[in-house]
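Below is one structure, written out as structure tokens, with a few remarks after it.
None of the figures in this text is laboratory data; all of them are computed from the coordinates on show. Note that the structure is predicted; figures quoted are calculated from it, not measured. All Cβ positions, glycine included, derive from the backbone under ideal geometry; neighbour counts span all protein chains shown.
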Amino acid sequence: MAIPVIDFSKLNGKEKAQSLAQIANGCEEWGFFQLINHGIPEELLEKVKKVSTECYKLEREENFNNSKLVKLINELAEKKSSEKLEHVDWEDVFTLLDDNEWPLKTPGFRETMAEYRSEVKKLAEKVMEVMDENLGLPEGYIKKVLNGGESDNAFFGTKVSHYPPCPHPELVNGLRAHTDAGGIVLLFQDDKIGGLQMLKDGHWIDVQPVPNAIVINTGDQIEVLSNGRYKSCWHRVLSLSDGNRRSIASFYNPPLKATIYPAPKLVENENQQVDETYPKFVFGDYMSVYAEQKFLPKEPRFQAVRTL
């Protein structure tokens, strides 16, 4: 079983209807799909691979190797402990925003990643337009909601992660299973080293590496906006004994003040209340709950933020 791989360029040709159907299937039946020919230049993607790898080696690797986590794993192994560390992840990670501090020592990092963020944000908005069309929503509906009703007020961040070789992968997760809290996530994953898995019909399956593809997955807020038609998907990263897996995830989320609820057009009977699973809530309240319950079942999060 393989994650759907969709040629995004065919939306502009005679195969548009088929491509729309493929994306609808990816959203409804999977929550994960991969886009090829998505419009982000391959030359730029090659630069992103280069500078992110160099950044880890130059600015991150030494600190990770000397971290408490590495020492703890080695201590458990020496004790021949079978105890698995369930509250930490074997991950080196930092986040890029427009207004936070970026790595400074890696040549070309800032320029390359700024250009990449601009391109991937445009791709996110194109994908949302397709979702609008497939769901029968007004053009620009999802983008407007994820911007809090304003033209450009979304929270757009990029998480740069590496999963270094783990000497004892049986003792720790690369990244624990979770759903994503926000709107839409666009992942530029390693095209050689696997480890990302999604939960499909009760089974964990690999999100296969595809060179220069962008993996799309829907977050909890898209599930709410679609009134459950698009489900956010559980996923995880395995820790591996060899290879240093690169992962660059960009997330297009609502501002904290945004109010989220199912699109009225998608409520089956407008004379009845919206599905009780998806109450109306403020996104900032949801994030406060998510911070405490990220790795727990998602349904109680929605109920915890229900407004009167």
* Structure fact -> Quick note on I193, I260, ordering by fewest other C-beta atoms within 10 Å, gives I193, I260
* On full extension of the chain, what length is gained from K257 through E115, given 0.36 nm per residue of separation minus the C-alpha to C-alpha distance? -> 48.3 nm
* Asked: Taking neighbour Cβ counts within 10 Å as the exposure measure, how do M1, M128 sort from fewest upward?
  -> M1, M128
* Which one is right for this structure if Cα Rg over 2.2 N^0.38 Å is calculated from it: (i) 1.07; (ii) 1.44; (iii) 1.02? -> (iii)
* Quick one: compute the contact order of the chain, relative version, from alpha carbon pairs under 8 angstrom and 6+ residues apart, as a percent. => 21 percent
* Pairwise centroid distance, computed over Cα atoms, of region 245-265 with region 212-232, Å -> 9 Å
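If you stretched the chain out fully between D7 and H178, how much longer would it get, using 0.36 nm times the residue separation minus the C-alpha to C-alpha distance? Could you put the intermediate results ahead of the total?
On the way: separation 171, 0.36 × 171 = 61.56 nm, distance 2.74 nm.
Length difference between fully extended and current span is 58.8 nm.
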* Sort Y261, Y230 so that the residue with the fewest other Cβ atoms within 10 Å of its own Cβ comes first and the one with the most comes last. => Y261, Y230
* Asked: Hey, if you put +1 on the Cβ of every Lys and Arg and -1 on every Asp and Glu Cβ in the chain, which of T106, L69, Y230 ends up farthest toward the positive end of that dipole?
  -> L69
* To do: Would you mind checking the pairs K126/K294; K71/K294; K105/K192; K144/K200; K14/K122; K231/K298 and listing those with alpha carbons more than 21 angstrom apart?
  => K126/K294; K71/K294; K105/K192; K144/K200; K14/K122
* Determine the sum of side-chain charges near V210: Lys and Arg each +1, Asp and Glu each -1, restricted to other residues whose C-beta is under 12 angstrom from that of V210. => -3
* On full extension of the chain, what length is gained from D152 through K14, given 0.36 nm per residue of separation minus the C-alpha to C-alpha distance? -> 46.5 nm
* Which value in deg cm²/dmol, rounded to the nearest 500, describes the helix-derived mean residue ellipticity at 222 nm for the chain, given -39,500 (n - 2.57) per DSSP H run of n ≥ 4 and division by the residue count? -> -9500 deg cm²/dmol
* To do: With only Lys, Arg, Asp and Glu charged, each at its Cβ (+1 for the first two, -1 for the last two), find how big the charge dipole of region 189-246 is about the Cα centre; round to the nearest 20 debye.
  => 60 debye
* Asked: Anyone know which of E15, E59, E223 comes out most mobile in the 10 Å Cα GNM of the chain?
  -> E15
